[in-house]
């Protein structure tokens, strides 16, 4: 069921000529209860796919917004088991919406690749994005996830060029996540033409949907990205809204972003 | 040469090492590996390195018989490998020089570095000034406070200092921030990592560049004593001075190699920086290695009186050498380091950095164990001028 949830979510939007909207949030920020409210509200606000951030003490690819969210979460005492229990709650309420865990390798390595994959499958997780596991290092986790019908989503960066692009794309699963800027999350604004070219190049090597994230903060940018990609990922803007004004306001923000992403090109 | 310790094609020393970096950095890390592999056997690069090491750094560094300390401990004969006499006062410049020359070779115009005690930052800023490159140093806000002289030194050298307040504001956070900068400025920037850790090829590259310490020490002790030492001792934070001393001795099975980690307030207190004695294997800063972590895989704070050892990880080759048992890893507390700092200053007229003062604390026991016929080489990897203010504070002296 798991990987096919992802495929179905993209296909449903594509059938209408639309892009999927992927919403990222940090588990446990500011605490479990509040983050649960946001998580459970995301599908109704327009998120086609949800990325649940797993807090890590040393998130090297995150900008300040998500770094601070991770710290708030850890300070509130969030554990990996809590992240999985949030996932379970989500799965009970939303049987169709794909749920993807996003984070860093160490807390998973600590549990054990195989053991974590089993627990995640049980919690209803469909995919994982592990930022510091490039293809060269991801085999043990990819295998454990595959055994549990969970997709390990690969990241493609603007620096993934030449021979490396087809090599990285040869092992993709679920969808392809294109990192639109060389930088950390939530920082620079992506260049529309460069992103369109990159997505085009990626599509020469894979039939899977291509989603674009990093630096998409406003409905305008979301609309621009939706014009060239199968999915639009927004993270920092949602995390910032949650921090500033709470779950309800964050869901309103998600609605605006989702509407923009769903605009037919 | 030593074959069993060259990392494999994936940059692994046994189960440790690797390249755990975001995809954005992966192509850079692969390019760096190619450039390094070519440079290290290129006679032009080797000649360049040798020339600067001789004329700019002041190598070879002396080996010195610490006679009064040897007498004081009443056992083995103790020799110091005096890397504290290098330009900028520590072993760090051996590595910075090589990496900056490599950056020039790759056409990079901007150098970034992380620093804890400030020694690596000063060495990087020094070499960047020498070669006219822009230099940005990331330093934890807490470390900036406790290492003021080095901060000013870096500024004089033209470097920009970026205070890091995220996390605990120490070396690991400075390294996170340097990695974030590198991800953002991939085109023009070279990241000069200061220790034998990080993604492949850094652990191998830093080891090869620091191995000059062990090569010289091996030749010098053979010349002075006519035999190899019974033991080589070095302090370990990330472990670059230690791997530099140990590497050329790895095949000399009769030579005991001893690394000394920072036990902070004591291993049992949990407030220490001893990754091997008190940590578990994990993934951080591009490599799999022993790390201090909590019971949920979050990286724990390290503690040491010495900012240069205050790091929750250790180079992956040390993790490997630990697991195969080739190197013994011990530890010394803040208090032992402070005592050794004062003892060495009084008896030898050498103010050691707090980092090698940790090594000296274990040399004391070892000298007794080995007895009068024993022979020890300890790496005096840095001088203590930078620590004078901090030591005064710990001793309750106002200056």
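The values are calculated or read from the model by the stated rules, or taken from the named source; none is laboratory data. Predicted model, so just to flag it, every value in this text is computed and none were measured. Note that each Cβ is placed from the backbone with ideal geometry, even for glycine, and that neighbours are counted across all protein chains shown.
In this structure, is residue B:390 within 25 Å of residue B:231 (Cβ to Cβ) and either in contact (Cβ under 8 Å) with a residue 12 or more places away in the chain or not in a helix (DSSP H, G or I) (or both)? In short, no.
If you go through region B:181-201 and keep only what is surrounded by fewer than 24 Cβ atoms within 10 Å (Cβ to Cβ) and either out of contact with any strand residue (DSSP E or B) (no Cβ under 7 Å at 6 or more places or on another chain) or part of a helix (DSSP H, G or I) (or both), you end up with B:181, B:182, B:184, B:186, B:187, B:201.
As a summary of the residue check, residue B:158 satisfies the conditions (1) part of a helix (DSSP H, G or I); (2) more than 14 Å from every other protein chain (Cβ to nearest Cβ) except for the one numbered (1).
Taken together, the criteria place residue A:120 among residues that are under 20 Å from residue A:54 (Cα atoms), in contact with a strand residue (DSSP E or B) (Cβ under 7 Å, 6 or more places away or on another chain) and more than 14 Å from chain B (Cβ to nearest Cβ). Within region B:17-26, if we keep just the residues that are farther than 15 Å from residue B:184 by Cβ and out of contact with any strand residue (DSSP E or B) (no Cβ under 6 Å at 6 or more places or on another chain), the residue that is surrounded by the most Cβ atoms within 10 Å (Cβ to Cβ) turns out to be B:19.
Put simply, of A:141, A:101, A:133, A:208 the only residue that is without any contact (Cβ under 8 Å) to a residue 60 or more places away in the chain, facing chain B (nearest Cβ under 10 Å) and either within 18 Å of the chain's Cα centre (by Cα) or in a strand (DSSP E or B) (or both) is A:133. Tell me, please, whether a residue that is over 22 Å from residue B:367 (Cα atoms) and in contact with a strand residue (DSSP E or B) (Cβ under 9 Å, 6 or more places away or on another chain) can be found in region B:246-262. No, that holds for no residue. Return yes when residue A:89 is touching a residue at least 40 places away in the same chain (Cβ under 8 Å) and out of contact with any strand residue (DSSP E or B) (no Cβ under 6 Å at 6 or more places or on another chain) and no when it is not. Considered against the rule, which asks whether it is touching a residue at least 40 places away in the same chain (Cβ under 8 Å) and out of contact with any strand residue (DSSP E or B) (no Cβ under 6 Å at 6 or more places or on another chain), residue A:89 comes out as yes. Scanning region A:151-165 for residues that are under 23 Å from residue A:3 (Cβ atoms), touching a helix residue (DSSP H, G or I) at 6+ places or on another chain (Cβ under 7 Å) and within 11 Å of another protein chain (Cβ to nearest Cβ) turns up A:154, A:156, A:160, A:165. The single condition from (1) within 14 Å of chain A (Cβ to nearest Cβ); (2) touching a strand residue (DSSP E or B) at 6+ places or on another chain (Cβ under 9 Å) that residue B:31 fails is (2). With the structure loaded, tell me whether residue B:234 is more than 19 Å from residue B:31 (Cα to Cα) and in contact with a strand residue (DSSP E or B) (Cβ under 8 Å, 6 or more places away or on another chain) or whether it fails that test. Spelling it out, residue B:234 is indeed more than 19 Å from residue B:31 (Cα to Cα) and in contact with a strand residue (DSSP E or B) (Cβ under 8 Å, 6 or more places away or on another chain). Among the conditions (1) more than 14 Å from chain A (Cβ to nearest Cβ); (2) in contact with a helix residue (DSSP H, G or I) (Cβ under 9 Å, 6 or more places away or on another chain); (3) at pLDDT below 95, residue B:3 misses just one, which is (2).
Tell me, which residue of region B:334-371 that is part of a loop (DSSP other than H, G, I, E, B) and out of contact with any strand residue (DSSP E or B) (no Cβ under 8 Å at 6 or more places or on another chain) is surrounded by the most Cβ atoms within 10 Å (Cβ to Cβ)? Step by step, filter region B:334-371, then rank; the result is B:371. Remark: residue B:58 matches the filter, which requires a residue to be away from chain A (no Cβ under 14 Å), on the phi > 0 side of the Ramachandran plot and under 24 Å from the mean Cα position of the chain (by Cα). Being part of a helix (DSSP H, G or I) and within 14 Å of chain B (Cβ to nearest Cβ) holds for only one residue in A:110, A:10, and it is A:110. When A:168, A:172, A:184 are checked against the criterion of being touching a helix residue (DSSP H, G or I) at 6+ places or on another chain (Cβ under 8 Å), within 14 Å of another protein chain (Cβ to nearest Cβ), part of a loop (DSSP other than H, G, I, E, B) and surrounded by 18 or more Cβ atoms within 10 Å (Cβ to Cβ), A:184 stands alone in meeting it. Would you check if there is a residue in region A:72-93 being within 12 Å of chain B (Cβ to nearest Cβ), buried (at least 24 other Cβ atoms within 10 Å of the Cβ) and touching a helix residue (DSSP H, G or I) at 6+ places or on another chain (Cβ under 8 Å)? Yes, because at least one residue in region A:72-93 is within 12 Å of chain B (Cβ to nearest Cβ), buried (at least 24 other Cβ atoms within 10 Å of the Cβ) and touching a helix residue (DSSP H, G or I) at 6+ places or on another chain (Cβ under 8 Å).
Restricting B:45, B:73 to those that are surrounded by fewer than 23 Cβ atoms within 10 Å (Cβ to Cβ) and in the same structural domain as residue B:201 (by TED's automatic domain parsing) reduces the list to B:45.
For region B:161-173, the count of residues that are touching a helix residue (DSSP H, G or I) at 6+ places or on another chain (Cβ under 8 Å), more than 26 Å from residue B:293 (Cβ to Cβ) and at pLDDT below 95 is zero. Would you confirm whether any residue within region A:40-51 is touching a residue at least 12 places away in the same chain (Cβ under 8 Å), part of a loop (DSSP other than H, G, I, E, B) and buried (at least 24 other Cβ atoms within 10 Å of the Cβ)? Looking for residues that are touching a residue at least 12 places away in the same chain (Cβ under 8 Å), part of a loop (DSSP other than H, G, I, E, B) and buried (at least 24 other Cβ atoms within 10 Å of the Cβ), one finds at least one in region A:40-51, hence yes. Within the option set A:223, A:244, being more than 26 Å from residue A:173 (Cα to Cα), in a helix (DSSP H, G or I) and at pLDDT 95 or above holds for one residue only, A:244. Checked against (1) within 23 Å of the chain's Cα centre (by Cα); (2) farther than 23 Å from residue A:103 by Cβ; (3) surrounded by fewer than 20 Cβ atoms within 10 Å (Cβ to Cβ); (4) within 14 Å of chain A (Cβ to nearest Cβ), residue B:14 passes all but a single condition, namely (4).
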